[in-house]
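Colleague: Input: one structure, supplied below.
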Amino acid sequence: MNKIKFLGTAGARFVVMKQLRASGGMWLTLDDTNVMIDPGPGSLVRCISSKPKLNPMDLDGIILTHRHIDHSNDINIMMEAMTNGGFKKRGAVFAPQDSVERDPVILNYVRNHVERIEIMKEKGNYKLGNISFSTPVKHIHGVETYGLNIKGKNSSISIITDTKYFEGLESYYNGDILIINVVMLEEKPAIDHLSLKDAEKILSINKPKLGILTHFGMNMVKAKPWEIAERLSEKLGTKIIAARDGMEVDID
Ligand SMILES: [Zn+2]
């Protein structure tokens, strides 16, 4: 079965710190390839406590969109878990350059556990098992950050991870399923995140088969994202849902 499982839907520091929403990232299973995207705080715990349990040894790879701690906290333990504690060299890790240099979030000794580490770049194309993905454009987000266009045999999934809105952002992400990190309910120009208004603009232009809102900041959580998604669906005539912790989306 092809699916995306949300091991967390928390965005920004307060929702993560207080664990009002979990922050374990996403587990994608597509064409028999398993990939973990952005293993934030609690990712391993969320895998093990999932029903049915998700076994990190089944992962083919891990993708890190950027080094912020709500996305990267569990990357090292997930790399250990994916490689049976480092005893079985396997799996690939994809991350921007600044995640492995200077003040790296991927520890040096853990790097030896995996089969390969690939550095993601703007306009990069990558292969993992039976799927491929690209990182079409560098985001505006303080640290080096890339969204993803993931392609399987019959499906395409775009993930617009953290970024400030910029002109034409939506044109880079044309997946049938479009996942958007919507941290802010109201626009705050000083903050490098998307607001609900930005998400609405993106969805109204792209009209994906399914839009999924996730990575919520405090005010988004308080505003009941499921109600927001329902109103947006009606307004735009596009199916839009809000992710919940533990939610599984059937890609087929
Ligand atoms: Zn971030």
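Colleague: With a cap of 15 neighbouring Cβ atoms within 10 Å, and only residues DSSP puts in a loop, list the chymotrypsin sites (Phe, Trp or Tyr not before Pro) found in region 21-104.
Modeller: Numbers: sites: TRP27, PHE87, PHE94; in loops: PHE87.
Filter output for region 21-104: PHE87.
Colleague: Rounded to the nearest Å, what's the spacing between the alpha carbon centres of region 192-252 and region 14-32? Just the number, please.
Modeller: Measuring centre to centre over Cα atoms gives 16 Å.
Colleague: Still on this structure, I have one more. Work out the length of the dipole vector of region 62-128 about its Cα centre, built from +1 on the beta-carbon of each Lys and Arg and -1 on the beta-carbon of each Asp and Glu, and round it to the nearest 20 debye. Before the final figure, lay out each step's value.
Modeller: Details: 10 positive and 9 negative charges, 72 e Å.
The dipole of region 62-128 has a size of about 340 debye.
Colleague: Here's a follow-up. Here are some pairs, LYS201/LYS239; LYS127/LYS164; LYS18/LYS188; LYS197/LYS239; LYS18/LYS88; LYS138/LYS207; which of them have Cα atoms lying more than 25 Å apart in this structure?
Modeller: Values: LYS201/LYS239 15 Å; LYS127/LYS164 27 Å; LYS18/LYS188 22 Å; LYS197/LYS239 17 Å; LYS18/LYS88 35 Å; LYS138/LYS207 22 Å.
Violating the 25 Å limit, Cα to Cα: LYS127/LYS164; LYS18/LYS88.
Colleague: So if I average 1/r over every pair of distinct C-alpha atoms in region 89-201 and take the inverse, what Kirkwood radius in Å does that give?
Modeller: Numbers: mean 1/r = 0.0653 Å⁻¹.
For region 89-201, inverting the mean 1/r across all distinct Cα pairs yields 15.3 Å.
Colleague: For a test of the definition: using alpha carbon positions, the gyration tensor, and the 1.5 limit on a/c, classify region 87-133 as rounded, prolate or oblate.
Modeller: Values: a/c = 3.90, a/b = 1.11, b/c = 3.53.
Taking the square roots of the gyration eigenvalues as a ≥ b ≥ c, region 87-133 is oblate.
Colleague: With a 1.4 Å probe and all protein chains left in place, how much accessible area per residue does region 90-187 have, in Å²?
Modeller: Averaged over the residues of region 90-187, the accessible area is 44 Å².
Colleague: Taking each pair of distinct Cα atoms in region 1-97 once, what is the resulting Kirkwood hydrodynamic radius in Å? Display every interim value, and only then the final one.
Modeller: On the way: mean 1/r = 0.0758 Å⁻¹.
Across region 1-97, the inverse of the average 1/r is 13.2 Å.
Colleague: In debye, nearest 20: dipole of the chain around its Cα centre with unit charges on the Cβ of K, R (+) and D, E (-)?
Modeller: Numbers: 33 positive and 31 negative charges, 57 e Å.
With only Lys, Arg, Asp and Glu charged at Cβ, the dipole is about 280 debye.
Colleague: Which of rounded, prolate or oblate describes region 71-112 when judged by the alpha-carbon gyration tensor and an a/c cut-off of 1.5? All intermediate terms of the calculation are to be shown ahead of the outcome.
Modeller: Details: a/c = 1.99, a/b = 1.83, b/c = 1.09.
Prolate is the answer for region 71-112, as a/c is 1.5 or above and a/b outweighs b/c.
Colleague: Another question about this same structure. Computed over the Cα atoms, what is the radius of gyration of region 162-229 divided by 2.2 N^0.38 Å, N being its residue count? All intermediate terms of the calculation are to be shown ahead of the outcome.
Modeller: Values: Rg = 11.3 Å, N = 68, 2.2 N^0.38 = 10.9 Å.
Here the answer is 1.03, to two decimals.
Colleague: Quick check on the chain: what are the equivalent-ellipsoid semi-axes from the Cα gyration tensor, as sqrt(5λ), descending, whole Å? Can you show the working numbers first?
Modeller: Values: eigenvalues 143, 70, 66 Å².
Equivalent-ellipsoid dimensions as semi-axes: 27, 19, 18 Å.
Colleague: May I ask you to rank TYR109, TYR146 by accessible area, largest first, using a 1.4 Å probe over the protein chains only? Write out the running numbers ahead of the final one.
Modeller: Working: TYR109 135, TYR146 5 Å².
So, going from the largest accessible area down, we get TYR109, TYR146.
The values are calculated or read from the model by the stated rules, or taken from the named source; none is laboratory data. Predicted, not measured: the structure shown is a model, and the values here were computed from it. Counting neighbours? That spans all protein chains shown, and the Cβs are built from the backbone with ideal geometry, glycine included. Remember, those area values only see protein heavy atoms, side chains included, never the ligands or the DNA or RNA. Shrake-Rupley method; radii C 1.70, N 1.55, O 1.52, S 1.80 Å.
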